[in-house]
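Report on the following structure.
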Amino acid sequence: EAERLGHLISDLLVLARTDENKIALEREPIHLDVLTVDVAATMEWLAAEKDITLEVHVDKPASVIGDEVRLIQVLMNLIDNAINYTNPGGRVTVKVDIRDKNVWLTVSDTGIGIAEEHVEHIFERFYRVDPARSRAAGSTGLGLSIVDWIVRAHGGTISVESQVGHGTTFTVKLPLAEQTS
(Lines give C-alpha, C1' and ligand atoms only; values in the text may rest on other atoms or scores of the structure.)
Protein backbone atom coordinates (compact mmCIF):
# COMPACT_ATOMS: atom_id res chain seq x y z
CA GLU A 1 0.00 0.00 0.00
CA ALA A 2 2.88 2.35 0.82
CA GLU A 3 4.46 1.66 -2.56
CA ARG A 4 1.16 2.30 -4.35
CA LEU A 5 0.72 5.60 -2.49
CA GLY A 6 4.29 6.59 -3.36
CA HIS A 7 3.55 6.01 -7.05
CA LEU A 8 0.30 7.98 -6.75
CA ILE A 9 2.06 10.96 -5.17
CA SER A 10 4.81 10.88 -7.79
CA ASP A 11 2.28 10.73 -10.64
CA LEU A 12 0.20 13.54 -9.13
CA LEU A 13 3.28 15.75 -8.85
CA VAL A 14 4.13 15.15 -12.51
CA LEU A 15 0.60 16.04 -13.60
CA ALA A 16 0.46 19.11 -11.37
CA ARG A 17 3.71 20.34 -12.91
CA THR A 18 2.41 19.69 -16.43
CA ASP A 19 -0.77 21.65 -15.66
CA GLU A 20 1.37 24.59 -14.57
CA ASN A 21 3.79 24.19 -17.49
CA LYS A 22 6.62 23.68 -15.00
CA ILE A 23 8.14 20.64 -16.63
CA ALA A 24 10.79 21.57 -19.14
CA LEU A 25 11.58 18.84 -21.62
CA GLU A 26 15.12 18.26 -22.75
CA ARG A 27 15.46 18.58 -26.51
CA GLU A 28 18.22 16.37 -27.86
CA PRO A 29 18.51 13.75 -30.59
CA ILE A 30 17.29 10.39 -29.30
CA HIS A 31 17.73 7.10 -31.15
CA LEU A 32 14.25 5.77 -30.39
CA ASP A 33 15.11 2.44 -32.01
CA VAL A 34 18.01 1.84 -29.61
CA LEU A 35 16.10 3.23 -26.62
CA THR A 36 13.19 0.88 -27.34
CA VAL A 37 15.45 -2.17 -27.52
CA ASP A 38 17.14 -1.16 -24.25
CA VAL A 39 13.91 -0.52 -22.35
CA ALA A 40 12.34 -3.75 -23.59
CA ALA A 41 15.45 -5.64 -22.49
CA THR A 42 15.04 -4.31 -18.93
CA MET A 43 11.44 -5.56 -18.91
CA GLU A 44 12.09 -9.06 -20.27
CA TRP A 45 12.24 -10.52 -16.76
CA LEU A 46 8.72 -9.26 -16.02
CA ALA A 47 7.38 -10.83 -19.21
CA ALA A 48 9.25 -14.08 -18.55
CA GLU A 49 7.95 -14.17 -14.98
CA LYS A 50 4.39 -14.09 -16.39
CA ASP A 51 5.21 -16.58 -19.20
CA ILE A 52 4.71 -13.89 -21.85
CA THR A 53 6.83 -13.57 -24.98
CA LEU A 54 8.21 -10.04 -25.44
CA GLU A 55 9.34 -9.29 -29.00
CA VAL A 56 10.98 -6.15 -30.37
CA HIS A 57 11.11 -5.33 -34.09
CA VAL A 58 13.23 -2.43 -35.33
CA ASP A 59 13.85 -2.19 -39.08
CA LYS A 60 16.16 0.82 -39.26
CA PRO A 61 17.53 3.70 -37.20
CA ALA A 62 14.81 6.09 -36.06
CA SER A 63 15.69 9.35 -34.31
CA VAL A 64 13.49 11.95 -32.68
CA ILE A 65 14.23 15.17 -30.85
CA GLY A 66 13.12 14.76 -27.29
CA ASP A 67 13.61 14.07 -23.63
CA GLU A 68 15.15 10.65 -23.11
CA VAL A 69 13.88 10.26 -19.53
CA ARG A 70 10.30 11.05 -20.56
CA LEU A 71 10.45 8.79 -23.61
CA ILE A 72 11.68 5.96 -21.37
CA GLN A 73 8.64 6.65 -19.20
CA VAL A 74 6.36 6.27 -22.24
CA LEU A 75 7.99 3.00 -23.25
CA MET A 76 7.98 1.54 -19.74
CA ASN A 77 4.35 2.43 -19.12
CA LEU A 78 3.08 1.02 -22.42
CA ILE A 79 5.13 -2.19 -22.19
CA ASP A 80 4.28 -2.67 -18.51
CA ASN A 81 0.56 -2.26 -19.21
CA ALA A 82 0.76 -4.72 -22.12
CA ILE A 83 2.47 -7.30 -19.92
CA ASN A 84 0.09 -6.77 -17.00
CA TYR A 85 -3.03 -7.21 -19.14
CA THR A 86 -1.83 -10.21 -21.12
CA ASN A 87 -2.48 -13.73 -19.88
CA PRO A 88 0.30 -16.29 -19.46
CA GLY A 89 1.33 -17.75 -22.80
CA GLY A 90 0.53 -14.47 -24.57
CA ARG A 91 2.69 -12.12 -26.58
CA VAL A 92 3.70 -8.46 -26.40
CA THR A 93 5.21 -6.98 -29.56
CA VAL A 94 7.01 -3.65 -29.70
CA LYS A 95 7.81 -2.16 -33.12
CA VAL A 96 9.61 0.95 -34.25
CA ASP A 97 9.42 2.02 -37.87
CA ILE A 98 9.36 5.13 -40.02
CA ARG A 99 6.34 6.21 -42.05
CA ASP A 100 5.19 9.58 -43.35
CA LYS A 101 8.17 11.47 -41.80
CA ASN A 102 7.18 10.13 -38.39
CA VAL A 103 8.61 7.49 -36.11
CA TRP A 104 5.86 5.00 -35.31
CA LEU A 105 6.15 3.14 -32.02
CA THR A 106 3.56 0.40 -31.58
CA VAL A 107 3.04 -1.74 -28.52
CA SER A 108 0.66 -4.62 -29.19
CA ASP A 109 -0.47 -7.42 -26.95
CA THR A 110 -2.62 -10.53 -27.15
CA GLY A 111 -4.20 -9.62 -23.83
CA ILE A 112 -7.66 -9.15 -22.45
CA GLY A 113 -8.41 -6.06 -24.53
CA ILE A 114 -10.44 -2.98 -23.67
CA ALA A 115 -14.18 -2.71 -24.28
CA GLU A 116 -15.17 -0.07 -26.84
CA GLU A 117 -16.98 2.08 -24.25
CA HIS A 118 -13.76 2.42 -22.25
CA VAL A 119 -11.31 3.15 -25.08
CA GLU A 120 -12.24 6.83 -25.39
CA HIS A 121 -11.61 7.36 -21.66
CA ILE A 122 -8.34 5.56 -21.02
CA PHE A 123 -6.18 8.70 -21.27
CA GLU A 124 -8.30 10.48 -18.64
CA ARG A 125 -6.82 10.94 -15.19
CA PHE A 126 -7.75 8.26 -12.66
CA TYR A 127 -9.73 6.31 -15.25
CA ARG A 128 -9.46 2.56 -14.84
CA VAL A 129 -11.24 -0.01 -16.95
CA ASP A 130 -11.27 -2.46 -14.03
CA PRO A 131 -10.68 -0.53 -10.79
CA ALA A 132 -10.29 -3.63 -8.62
CA ARG A 133 -7.68 -5.27 -10.85
CA SER A 134 -5.79 -2.05 -11.49
CA ARG A 135 -5.45 -1.19 -7.85
CA ALA A 136 -4.25 -4.69 -7.00
CA ALA A 137 -1.57 -4.32 -9.68
CA GLY A 138 -0.40 -1.05 -8.12
CA SER A 139 -1.90 1.20 -10.79
CA THR A 140 -2.70 4.81 -9.96
CA GLY A 141 -4.92 5.38 -12.98
CA LEU A 142 -2.56 8.17 -14.08
CA GLY A 143 0.04 6.40 -16.21
CA LEU A 144 -1.72 6.76 -19.55
CA SER A 145 -2.57 10.41 -18.80
CA ILE A 146 1.12 11.06 -18.26
CA VAL A 147 2.03 9.12 -21.41
CA ASP A 148 -0.49 11.17 -23.40
CA TRP A 149 1.00 14.43 -22.08
CA ILE A 150 4.58 13.34 -22.84
CA VAL A 151 3.70 12.30 -26.40
CA ARG A 152 1.82 15.55 -27.08
CA ALA A 153 4.67 17.59 -25.52
CA HIS A 154 6.96 15.96 -28.10
CA GLY A 155 4.67 17.05 -30.94
CA GLY A 156 3.28 13.56 -31.37
CA THR A 157 0.03 11.65 -31.13
CA ILE A 158 -1.05 8.48 -29.39
CA SER A 159 -3.96 6.25 -30.32
CA VAL A 160 -5.33 2.91 -29.23
CA GLU A 161 -7.14 0.07 -30.92
CA SER A 162 -8.50 -2.80 -28.91
CA GLN A 163 -10.72 -5.81 -29.12
CA VAL A 164 -11.95 -7.58 -26.01
CA GLY A 165 -10.35 -10.99 -25.73
CA HIS A 166 -7.92 -10.35 -28.59
CA GLY A 167 -5.62 -7.60 -27.37
CA THR A 168 -4.70 -3.96 -27.61
CA THR A 169 -2.37 -1.86 -29.74
CA PHE A 170 -1.08 1.55 -28.72
CA THR A 171 0.43 3.61 -31.54
CA VAL A 172 2.67 6.58 -30.83
CA LYS A 173 3.69 8.83 -33.71
CA LEU A 174 6.57 11.24 -33.14
CA PRO A 175 8.16 13.60 -35.68
CA LEU A 176 11.25 12.10 -37.26
CA ALA A 177 14.38 14.11 -36.47
CA GLU A 178 16.00 15.81 -39.44
CA GLN A 179 19.00 13.77 -40.51
CA THR A 180 22.21 15.77 -40.53
CA SER A 181 25.41 14.61 -42.16
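Return the pair list, or none, for Cβ contacts closer than 7 Å from residues in region 38-49 that are among the small types (G, A, S) to residues that are open to solvent by less than 80 Å² (accessible area, probe 1.4 Å) and part of a helix (DSSP H, G or I), at least 6 apart or on different chains.
Listed by first residue and then by second, the contacts come to A40/I79; A47/I83.
If the Cβ limit is 9 Å and pairs must be 6+ apart or interchain, which residue in region 152-168 that is under 15 Å from V64 (Cα atoms) pairs with which residue that is in a strand (DSSP E or B) and of a type in the set (S, T, Y)?
Here the result reads T157/T171, each pair linking region 152-168 to a residue that is in a strand (DSSP E or B) and of a type in the set (S, T, Y).
Assuming T18 fulfils every condition listed in (1) modelled with pLDDT of 95 or more; (2) in a helix (DSSP H, G or I) apart from one, which condition is it?
Answer for T18: the failing condition is (1).
State which residue pairs qualify: first residue touching a residue at least 24 places away in the same chain (Cβ under 8 Å) and inside region 91-111, second residue small (G, A, S) and part of a strand (DSSP E or B) in any location, beta carbons under 6 Å apart, and separation of 6 or more residues or different chains.
Within 6 Å, the pairs are T93/S108; D109/G167; T110/G167; G111/G167.
Output the number of the condition that V74 fails; it satisfies all remaining conditions of (1) over 19 Å from S108 (Cβ atoms); (2) modelled with pLDDT under 95.
(1)
Which residue is nearest to V74 (Cα to Cα), if the candidates are limited to region 157-181 and must be under 14 Å from the mean Cα position of the chain (by Cα) and buried (at least 22 other Cβ atoms within 10 Å of the Cβ)?
V172
Filter region 89-116 for residues that are charged (D, E, K, R) and not in a loop (DSSP other than H, G, I, E, B); which is modelled with the lowest pLDDT?
E116
Can you name every residue in region 94-113 that is under 18 Å from V74 (Cβ atoms) and in contact with a strand residue (DSSP E or B) (Cβ under 6 Å, 6 or more places away or on another chain)?
Selection gives V94, K95, V96, D97, N102, V103, W104, L105, T106, V107, S108, D109.
The values are calculated or read from the model by the stated rules, or taken from the named source; none is laboratory data. In this text the structure is predicted, and so the values were computed from the model without any measurement. Cβ sites come from the backbone with ideal geometry, for glycine too, and all protein chains shown count toward neighbours. Surface areas here come from the heavy atoms of the whole protein model, side chains and all, with no ligands, DNA or RNA. Shrake-Rupley method; radii C 1.70, N 1.55, O 1.52, S 1.80 Å.
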